[in-house]
């Protein structure tokens, strides 16, 4: 009997180790439950979290309580043996499902994750310690472990709560180090960039342009949280850097102001203000005020760059009376400091002319980037670059060398078709810009999308509108996720789009095979618009 129990413990702990990796991944993807994101994810995915095969482990653990009245020891052995089988089968089934997962951002085993693993291990060792201390509590230990195994996502949540005080101490230590380091570099030009979308693209563009003249460091990839900025300052920023570009992301009002207090920017760029993260901000007004916190934080001798074509920026009344100098950019609006016109786009990139206020000369620019919204990002970088003393030739060269950001309107030749990869975009304005780019292409046009997320109560309405916009551009539509894309399909059909040209898949990988079948004599351009994060499954 005792060896069967040891065997049960073995299989159960193997399953716990395996399932904890997925739970930790979701916790990390949800920013360690910042603003209760992990808890909200749990309740949105109740079936995945609470309904699983290892529930049978609880059933057999309960049956063990009643088996003590049965004299034949074989009954207990049977229940323990079947329980072991439950965890073997659960492991196999979960493993097969996991093979189908398309993890865009795998679990990163950071120091924080290692501390969580230590706490999780201690919690899961409690039942086995009880068992070894007193065999009379054997059945209680087995039942406790079975329940804890089934509620793995909740155990991860509890572990995160337990570790919270320690994480706060570590957090404040890193924060003090970052502030001291920045204070030791008084001549460092700190530039903040925020917006509902386009932050990473604008940051990379500005970084490439400024490096034509000065040593510039930008936050890597999409690191735009408080932790991301602290890590960059503490680990990467050096005394040789003359400028630091801090990408600033936010999910709620007040976050941008907190990031500003950390790095103290003198310069700021707002890319665009839309409805991204409407669900967490709560309202469009909160988004507008939250993004403009950057401009209102800047000192009066600083410089802010705003987009006059963006109504939410143009109409906003800056609350700070003695605010920073504002440089306006635009394409449609003519009364701006830096303006672009004559925009042309093809599969090699975009060309346009730039006009500066009080300068009648038109300067030609070329870029490998696609789309009107990227022209806005370039204009913002040009405006600030000129403020930093870059010449027109330096600006032109900087713009020409900018490489597309991975998965953000990145055009690639894949076999017999062109892929316009806009997988990291999930907002209405950016999606419309991507459709505008697709429309400029000369060939068969295909849109592949799972729709947009985190748009709060407007999510269905905006996805339906997206469907209507797609109907005016695409020759074929491939929707990824049958349930989530219903509003897009409704929008397509409302525009009398041919239903035979709408294909619904549950795996984006199948889209590549389908596209090859759609290819004819014309060039084919497939826009992959948005790719849902790992926290969204169907």
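Laid out as a table, the results:
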item	result
From 158, 130, residue being under 21 Å from residue 83 (Cα atoms) and assigned to a helix (DSSP H, G or I)	130
Residue in segment 352-387 that is farthest from residue 212 (Cα to Cα), counting only those that are crowded, with 20+ Cβ neighbours inside 10 Å and more than 29 Å from the chain's Cα centre (by Cα)	352
Single residue of segment 303-336 satisfying the filter (surrounded by 20 or more Cβ atoms within 10 Å (Cβ to Cβ) and over 30 Å from the mean Cα position of the chain (by Cα)) that is nearest to residue 274 (Cα to Cα)	336
Which listed residue is assigned by TED's automatic domain parsing to the domain that holds residue 306, surrounded by 19 or more Cβ atoms within 10 Å (Cβ to Cβ) and without any contact (Cβ under 8 Å) to a residue 60 or more places away in the chain, from 210, 217	217
Residues within segment 436-461 that are surrounded by fewer than 21 Cβ atoms within 10 Å (Cβ to Cβ) and outside any loop (DSSP other than H, G, I, E, B), tallied	10
Single residue of segment 267-286 satisfying the filter (part of a loop (DSSP other than H, G, I, E, B) and surrounded by 17 or more Cβ atoms within 10 Å (Cβ to Cβ)) that is modelled with the highest pLDDT	271
Yes/no for residue 518 being within 26 Å of residue 347 (Cβ to Cβ) and either crowded, with 18+ Cβ neighbours inside 10 Å or in contact with a strand residue (DSSP E or B) (Cβ under 9 Å, 6 or more places away or on another chain) (or both)	yes
Residues being more than 25 Å from residue 374 (Cα to Cα) and either part of a helix (DSSP H, G or I) or touching a strand residue (DSSP E or B) at 6+ places or on another chain (Cβ under 8 Å) (or both) - total across segment 233-254	8
Test: residue in segment 504-513 that is surrounded by 13 or more Cβ atoms within 10 Å (Cβ to Cβ), touching a residue at least 12 places away in the same chain (Cβ under 8 Å), assigned by TED's automatic domain parsing to the domain that holds residue 473 and over 26 Å from the mean Cα position of the chain (by Cα)	no
Members of segment 469-488 found to be surrounded by 14 or more Cβ atoms within 10 Å (Cβ to Cβ) and more than 21 Å from residue 421 (Cα to Cα), listed by number	486, 487
Single residue of segment 176-201 satisfying the filter (modelled with pLDDT under 95 and assigned to a helix (DSSP H, G or I)) that is surrounded by the fewest Cβ atoms within 10 Å (Cβ to Cβ)	199
Candidates 395, 369, 384, filtered to the one that is in contact (Cβ under 8 Å) with a residue 24 or more places away in the chain and within 30 Å of residue 449 (Cβ to Cβ)	369
Extreme residue, modelled with the lowest pLDDT, among residues of segment 366-416 that are assigned to a strand (DSSP E or B) and in contact with a helix residue (DSSP H, G or I) (Cβ under 8 Å, 6 or more places away or on another chain)	414
Any hit, segment 343-351, residues being in contact with a helix residue (DSSP H, G or I) (Cβ under 9 Å, 6 or more places away or on another chain), crowded, with 19+ Cβ neighbours inside 10 Å and more than 30 Å from residue 184 (Cβ to Cβ)	yes
Number of the exception - residue 171 against (1) assigned by TED's automatic domain parsing to the domain that holds residue 49; (2) surrounded by fewer than 17 Cβ atoms within 10 Å (Cβ to Cβ)	(1)
Condition check for residue 419: touching a residue at least 40 places away in the same chain (Cβ under 8 Å), surrounded by 16 or more Cβ atoms within 10 Å (Cβ to Cβ) and either within 25 Å of the chain's Cα centre (by Cα) or not in a helix (DSSP H, G or I) (or both)	yes
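Residues are listed down the side, and each one gets a yes or a no for (1) more than 31 Å from the chain's Cα centre (by Cα); (2) farther than 19 Å from residue 107 by Cα; (3) free of Cβ contacts under 8 Å to residues at least 24 places away in the same chain:
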site: 9; (1), (2), (3): yes, yes, no
site: 15; (1), (2), (3): no, no, no
site: 25; (1), (2), (3): no, no, no
site: 40; (1), (2), (3): no, yes, yes
site: 46; (1), (2), (3): no, yes, yes
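Residue-by-condition table, conditions (1) modelled with pLDDT of 95 or more; (2) touching a helix residue (DSSP H, G or I) at 6+ places or on another chain (Cβ under 8 Å); (3) exposed (fewer than 13 other Cβ atoms within 10 Å of the Cβ):
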| site | (1), (2), (3) |
| --- | --- |
| 103 | no, yes, yes |
| 123 | yes, yes, no |
| 131 | no, yes, no |
| 137 | no, yes, no |
| 149 | no, yes, no |
| 154 | yes, yes, no |
| 159 | yes, yes, no |
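The values are calculated or read from the model by the stated rules, or taken from the named source; none is laboratory data. Keep in mind it's a predicted model, so treat the numbers as computed, not measured. We place every Cβ from the backbone using ideal geometry, glycine too, and count neighbours over all the protein chains shown.
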